[in-house]
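Notes follow once the structure below has been shown.
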Amino acid sequence: MSNIYLVRHGQAGTRDAYDRLSDLGHHQANLLGRYLASQQLVFSAGYCGSMNRQQQTAMDVQAAYQQAGIAFPEIVTKPEWDEFNLDQIYREIAPLMCDNDPSFREQYQAMQQQLRLSSGEQAPIHRQWLACDSQIVNAWIAGKYAYTGESWDAFRQRVGASQLEVQDGNPKANVIVFTSAMPVAIWTGLALDIFDDRIMRLAGVLHNAAYSILRLKADNLRLLTFNATPHLTDDHLRTHR
């Protein structure tokens, strides 16, 4: 029986530089590391996706453990924990949706204008999830348009098939994984027998640097805690993007 701590990365950068943590994102990750260390939580294995924002979150937590004088495992990079490629989805599907949906086209153009205004700067407004984001992701999940990238089914299978190897074969060990919103939601969905687009609703409520706990016993996966943020004590620390 192992407890799996799934950690969503801290707040990321602006829309044109999303794959890195903002200053607040680093602070959130540091607070998480300090909190977990204060609980004397020891992890036998640590995993991380290959994206910068995931790895930076992992390093901040690891550094907090080191400052507290508590051992933390070497973090193993596993691209299976990467988020889906929203930029590629936009490049390929957005032009098709703009041709078919005037409402989406208007929202998409407004988003592009916002991007132009903040391009090349550390804009005060970080990447927000907009109505056009939900529309295009839902279209990708439903397979409504031709797309050469990873499909929703392939993404879900890739994340769901991620293997977690516990050091020394300890079946009661704690394992920590640094990833993104949708992979956390997919594993939560596995525990709850949710396999459809409702997974996106789970992802949509996850806070940055929140952790969820799943218990794995043999092949039985159970949800213990979802979207926990005891380390984020002030409202301004609890962000979603």
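Could you check segment 59-72 and list, in sequence order, the residues that are on the phi < 0 side of the Ramachandran plot, more than 16 Å from the chain's Cα centre (by Cα) and open to solvent by 20 Å² or more (accessible area, probe 1.4 Å)?
Passing the criteria: Gln62, Ala63, Gln66, Gln67, Ala68, Ile70, Ala71, Phe72.
If you take the residues in segment 152-167 that are open to solvent by 50 Å² or more (accessible area, probe 1.4 Å) and out of contact with any strand residue (DSSP E or B) (no Cβ under 6 Å at 6 or more places or on another chain), which one is modelled with the lowest pLDDT?
Selected residue: Glu165.
Inspect all residues belonging to segment 207-230 and state whether any of them is of a type outside the set (S, T, N, Q), touching a helix residue (DSSP H, G or I) at 6+ places or on another chain (Cβ under 6 Å), open to solvent by less than 10 Å² (accessible area, probe 1.4 Å) and closer than 18 Å to Gln128 by Cα.
yes
Within segment 23-65, how many residues turn out to be of a type in the set (Gly, Ala, Ser) and over 13 Å from Arg8 (Cβ atoms)?
9
Looking for whichever is among the hydrophobic types (A, V, I, L, M, F, W, C), over 19 Å from Trp129 (Cβ atoms) and surrounded by 16 or more Cβ atoms within 10 Å (Cβ to Cβ) here; the options are Ile93, Ile89, Ile75. Which one fits?
Within the list Ile93, Ile89, Ile75, the selection yields Ile75.
For the subset of segment 31-58 comprising residues that are touching a helix residue (DSSP H, G or I) at 6+ places or on another chain (Cβ under 6 Å) and either more than 17 Å from His240 (Cα to Cα) or at pLDDT below 95 (or both), which member is most open to solvent (accessible area, probe 1.4 Å)?
Within segment 31-58, the match that is most open to solvent (accessible area, probe 1.4 Å) is Arg34.
If you go through segment 96-113, how many residues are aliphatic (A, V, I, L, M), touching a helix residue (DSSP H, G or I) at 6+ places or on another chain (Cβ under 7 Å) and more than 16 Å from Trp129 (Cβ to Cβ)?
Counting residues in segment 96-113 that are aliphatic (A, V, I, L, M), touching a helix residue (DSSP H, G or I) at 6+ places or on another chain (Cβ under 7 Å) and more than 16 Å from Trp129 (Cβ to Cβ) gives 1.
The values are calculated or read from the model by the stated rules, or taken from the named source; none is laboratory data. As the structure is a computational prediction, the values presented were derived from the model and not from experiment. Positions of Cβ are generated from backbone atoms using ideal geometry, with glycine treated the same way; all protein chains shown enter the neighbour counts. Ligands, DNA and RNA are excluded from the accessible area calculation, which covers all protein heavy atoms including side chains. Shrake-Rupley method; radii C 1.70, N 1.55, O 1.52, S 1.80 Å.
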